[in-house]
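Notes for the one structure printed next.
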C-alpha cells in the first residue's frame, strides 16, 4: 500500500481517497432521500384530518434541547477531527465520546417528545400529517441511532489499533455523516418546527 | 395449522400448483446435481464469494436471462388470453397478476440487471482499471438484487402475486383493495433490490471518475463508459425516491399510516407522483446504456469514428437532466390543470431534441462506412427505425390534450414497447453477442444469431404494430378480455402469432449458447471484431487483474489508434498488483435480507427482528475485519501473461 505522507492520514492512500469520495456521493443520495421525505411532509402538512396540528403539538423547550445537543455535537466532532489531524489520540477519543453523549442526549429528548405526542393522541396512524412528521423525524432519529453505534465501534478501533490510515479514514467519514445529520436537523428545525409554530 | 394458512395462494389454479411442483423439482434437481458433481466448493469459492467485476457481471446476466424467460412466459400468457374475444384461459384476477409481474420483472429484474451486468464486465476494462472502486460492495449489490428478485418471484406460489400493476397505484394497492400479501412482496422485494442498485450507482461513479487509465480524460472516454457514468448519476438521485416511496407504501400496508389513504388527510396521488419521479428517470437508466452500446457497435462495424462525440455527450447529459422534470406526463388525466400539463408537455417534447441528435449521429457514423453485417450490427441497424417510431409516438403522447384520447389504451402500451424493446432489449442482446467472446473466449454462432435476430425483429413488429391500431380504436390496457363486437379479435390474434415468433427467437438464443459452447472454435484472437476500445486490448480470457500493465491513453479510440497509428498503449513495467480478497459476507448478508423481507411480507415480527440484528451483525463484522487484500507477484503475472500469449 502506497502511503502519501504529504496528505492527512485519512487521505493518505488511494483506497482512502476513493472511500471518502464514495461517501460524498452517498451523501448526495441521502440528500435525495431526505428531500423526498421533506416533499412528502410539505404535501401532507395540512392533511391533519381529525388529529392535532403542528401548532398544537410543537413545544419550544424540547426543540431547543434537541437543537443545542445536536449543533454542539457537530462542533465537538469537528474538534475531534482537528485533534486527529494533530495526531492526538486521547483528545480525539475524548471529543468523539462527548459527541456521542450529546447525540444520545438528542435522541433521549426526541424519544421523550414522541412519547408526549402519543400521550396527546397524536400517533403515526392518526393523520397523514402525523404519518409524514413521524417518518421524517424518525428517519433522522434512526440515522442518529445508527451513528451512535457506528461511532462507538470507531472509538473502539482507534483505541485498539491506534491512529492508522484505516481508523482515521473511518473516523473522518463518520464525521462527514455526523455533520450531514446536523444539516438535516437545521432544515427540520426551520421548515418543520419554526414554520409549524408560526 | 392456522399459522401456515397465510402462505397459501389466495386465488389458486392448476397452473400455479403445477408451477409449485416444477419449482420444487427443479430445486431438488439443482441441489442434487451440484452434490453429485461435487461442485459446492467450486461454486462457493469461485462464484458465491467472488468480488471480481467480470464474474459478478456474468452472474447479473445469467439472472437477467432467467428473468427474461419468466417475464416472457407472462407476456405469452397475456397474448394467448387476449388472442380471441371472451377467452377463458385466465380469469381477471390471474390476468392482473400476470401483467403486474410481467412489468416488474422485465423492468427491474431483467432490463436493469442485464445492463448492470454488461456495465460490470465492460466499464472497468474500457477505462483500463483492475476492478471497480469497491469490489466488496459490488458483490453486496449483486446479491441484494438477486435476493430481491427471488423474493419477488416466490410470491406467486407462496401467499399470492402482486396484482395492482407494476405502478402499484393507490388506493388500488392499499389493504382495502389488495388484501393478499402480494403488494407487500412488491414493496419489500423492490426495496431490497433497489438498495443494491443504489450501491452500484455510487460504486461506478467513483470508479469512472477516479480510476481511469492515465491520459484518459473525461472527453476521451469511450461512449459506453460515458453513458454508464450518466446512468449512475441518475441512479444515485432517483433511487432514493423509490426507497422512500416503497417505505411509505410498506408503512401504509403494515403499520396503518395514512400517506396514501383517502381519509385522514392522505393523498393517493402522492404515490403516483413519487413513483414517477423515480419511474421516469428509471426509463433513462435502462435506455442511456443502450445508447452507449449502440455507439460502440455502430462505430466498430461501420469502421468509422463515432460521429459527433461531443454532441453525443451533451445530449446524454441533457436527457438525464430532462428525465427528472417530466414525470407528470404519466398522469395528465389526473386533473392538475392546464398550466401544469402544459409545462410537462413541453419538457417531455424537449427530450425528443437530444434524442434526435443521437439518431442523426448514428446515421452519420454509418454514412460512407464499410458496414459489416454481424449480429450485433443487425440489432443496431434495426434499432434506429423501430426506436424512431417509438419516439415519435412518444411525442404524440406528450401532447397533454391529445393524451386524453390515448391514456390507458393499448396505444400507450405499444409506445413504450417500441422504445424499450428495440432500445433496451435489442441493445442488451447486441451487447451480449458483441462482448460474449471477451467473457467466454469463443464467439456465438453468427448463423443461429441471425435466425434469432430475424425472428425477434419480425416477431416484435407483428406482435406490437397491430396494437397501435386497436389502441387508437379504444382498446384499453390491462383488460383481461373483450367482446367479439368490438372487432379487436383479428388484430389481437395477429399479435399472438407475433408473440410466438418472438418466443422462438428467444429460444434460439438459448440454443445458440448451447450450440456455440459445444462446437464453436476456441481459437480466436483477443480482438475478433477488429474493435476500437480498451477492453479488446487485453487477453481473452481476461486475467483476473485485467491488465498486466496499466495502459496509457492518448485518444478517444485508444485501441484503434494503437493498432492503426502505432500509439503505444503499454509502456510501463510489470509491477506487483494489489487485489481484493473474496468474501462470503455479501452473500450471507443478502440471504439474511431475504429472510428479513419474507418475514416482513407476512408480518412475522420476531423473525424480522432477528434478521435485522443479523444484517447489522454482518456490517459490524465488516467494520472490525482486517482485510488488506493480497498481492499478485511479478513472477505470477509474467507466468500468466506468457501462458495467455502462448495460447494464441
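The values are calculated or read from the model by the stated rules, or taken from the named source; none is laboratory data. Keep in mind that this is a model prediction, so the values were computed, not measured. Cβ sites come from the backbone with ideal geometry, for glycine too, and all protein chains shown count toward neighbours.
Checked against (1) touching a helix residue (DSSP H, G or I) at 6+ places or on another chain (Cβ under 7 Å); (2) outside any helix (DSSP H, G or I); (3) more than 26 Å from residue B:359 (Cα to Cα), residue B:253 meets all criteria but (2). Residues being within 14 Å of another protein chain (Cβ to nearest Cβ), more than 22 Å from residue B:320 (Cβ to Cβ) and touching a residue at least 60 places away in the same chain (Cβ under 8 Å) are entirely absent from segment B:273-296. Residue A:161 meets the conditions (1) under 25 Å from residue A:7 (Cα atoms); (2) surrounded by 15 or more Cβ atoms within 10 Å (Cβ to Cβ) in every case but one. The failed one is (2).
Within segment B:197-248, the set of residues being away from chain A (no Cβ under 12 Å), over 18 Å from the mean Cα position of the chain (by Cα) and not in a loop (DSSP other than H, G, I, E, B) comprises B:218, B:219, B:220, B:223. Please find, within segment B:325-366, the residue that is surrounded by the fewest Cβ atoms within 10 Å (Cβ to Cβ) out of those that are free of Cβ contacts under 8 Å to residues at least 12 places away in the same chain and in a loop (DSSP other than H, G, I, E, B). Here the answer is B:335.
Residue-wise test of (1) in contact with a helix residue (DSSP H, G or I) (Cβ under 9 Å, 6 or more places away or on another chain); (2) over 21 Å from residue B:506 (Cβ atoms).
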position	(1), (2)
B:3	no, yes
B:10	yes, yes
B:13	yes, yes
B:25	no, yes
B:45	no, yes
B:56	yes, yes
B:65	yes, no
B:70	yes, no
B:75	yes, no
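Residues checked against (1) within 14 Å of chain B (Cβ to nearest Cβ); (2) buried (at least 18 other Cβ atoms within 10 Å of the Cβ); (3) outside any helix (DSSP H, G or I):
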position	(1), (2), (3)
A:15	yes, yes, no
A:22	yes, yes, no
A:39	yes, no, no
A:71	no, no, no
A:79	no, no, no
A:92	no, yes, no
A:98	no, no, no
A:101	no, no, no
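Working only within segment B:253-264, note down all residues that are surrounded by 23 or more Cβ atoms within 10 Å (Cβ to Cβ) and either facing another protein chain (nearest Cβ under 8 Å) or touching a strand residue (DSSP E or B) at 6+ places or on another chain (Cβ under 9 Å) (or both). Passing the criteria: B:257, B:258, B:259, B:261. Here's a check for you: in segment A:107-118, which residue that is surrounded by 16 or more Cβ atoms within 10 Å (Cβ to Cβ) and touching a residue at least 40 places away in the same chain (Cβ under 8 Å) is nearest to residue B:260 (Cα to Cα)? The residue in question is A:117. Scanning segment A:149-158 for residues that are under 18 Å from residue A:108 (Cα atoms) and surrounded by fewer than 16 Cβ atoms within 10 Å (Cβ to Cβ) yields A:149, A:152. So for segment B:127-142 (the condition being surrounded by 22 or more Cβ atoms within 10 Å (Cβ to Cβ) and over 30 Å from residue B:539 (Cα atoms)), does at least one residue qualify? No, there is no match, as no residue in segment B:127-142 is surrounded by 22 or more Cβ atoms within 10 Å (Cβ to Cβ) and over 30 Å from residue B:539 (Cα atoms).
Is it the case that residue A:75 is part of a helix (DSSP H, G or I), within 14 Å of chain B (Cβ to nearest Cβ) and on the phi < 0 side of the Ramachandran plot? No. Among residues of segment B:586-604 being over 25 Å from the mean Cα position of the chain (by Cα) and in a helix (DSSP H, G or I), the one that is surrounded by the fewest Cβ atoms within 10 Å (Cβ to Cβ) is B:599.
Would you be able to say whether some residue in segment B:429-439 is surrounded by fewer than 21 Cβ atoms within 10 Å (Cβ to Cβ), more than 21 Å from the chain's Cα centre (by Cα) and assigned to a helix (DSSP H, G or I)? No: segment B:429-439 contains no residue that is surrounded by fewer than 21 Cβ atoms within 10 Å (Cβ to Cβ), more than 21 Å from the chain's Cα centre (by Cα) and assigned to a helix (DSSP H, G or I). Apart from one condition, residue A:56 fits all of (1) crowded, with 18+ Cβ neighbours inside 10 Å; (2) more than 8 Å from every other protein chain (Cβ to nearest Cβ); (3) within 22 Å of residue A:127 (Cα to Cα); the exception is (1). Screening the candidates B:562, B:617, B:554, B:548 for the property of being outside any loop (DSSP other than H, G, I, E, B) and either touching a strand residue (DSSP E or B) at 6+ places or on another chain (Cβ under 8 Å) or at pLDDT below 95 (or both) yields one hit, B:562.
Exactly one residue among B:471, B:449 is buried (at least 16 other Cβ atoms within 10 Å of the Cβ) and in contact with a strand residue (DSSP E or B) (Cβ under 6 Å, 6 or more places away or on another chain), and that residue is B:471. Beta carbons closer than 9 Å, at least 6 apart along the sequence or on distinct chains, pair a first residue in segment B:7-35 that is in contact (Cβ under 8 Å) with a residue 40 or more places away in the chain with a second that is surrounded by fewer than 13 Cβ atoms within 10 Å (Cβ to Cβ) for B:9/B:17; B:10/B:179. Of everything listed in (1) more than 14 Å from chain B (Cβ to nearest Cβ); (2) out of contact with any helix residue (DSSP H, G or I) (no Cβ under 6 Å at 6 or more places or on another chain); (3) in a helix (DSSP H, G or I), the single unmet condition for residue A:7 is (3). Taking the criterion of being farther than 30 Å from residue B:123 by Cβ and part of a loop (DSSP other than H, G, I, E, B), would at least one residue in segment B:503-524 satisfy it? No, because not a single residue in segment B:503-524 is farther than 30 Å from residue B:123 by Cβ and part of a loop (DSSP other than H, G, I, E, B).
Taken over segment A:121-138, the criterion of being in contact (Cβ under 8 Å) with a residue 40 or more places away in the chain and in a loop (DSSP other than H, G, I, E, B) is satisfied by A:121, A:122, A:126, A:127.
All of (1) modelled with pLDDT under 95; (2) within 17 Å of the chain's Cα centre (by Cα) hold for residue B:42 with one exception: (2). Scanning segment A:76-95 for residues that are in contact (Cβ under 8 Å) with a residue 24 or more places away in the chain and within 15 Å of residue A:182 (Cβ to Cβ) yields A:76, A:77, A:78, A:80, A:81. Within segment A:119-141, is there a residue that is more than 9 Å from chain B (Cβ to nearest Cβ), in contact with a helix residue (DSSP H, G or I) (Cβ under 8 Å, 6 or more places away or on another chain), at pLDDT below 95 and exposed (fewer than 14 other Cβ atoms within 10 Å of the Cβ)? There is at least one residue in segment A:119-141 that is more than 9 Å from chain B (Cβ to nearest Cβ), in contact with a helix residue (DSSP H, G or I) (Cβ under 8 Å, 6 or more places away or on another chain), at pLDDT below 95 and exposed (fewer than 14 other Cβ atoms within 10 Å of the Cβ).
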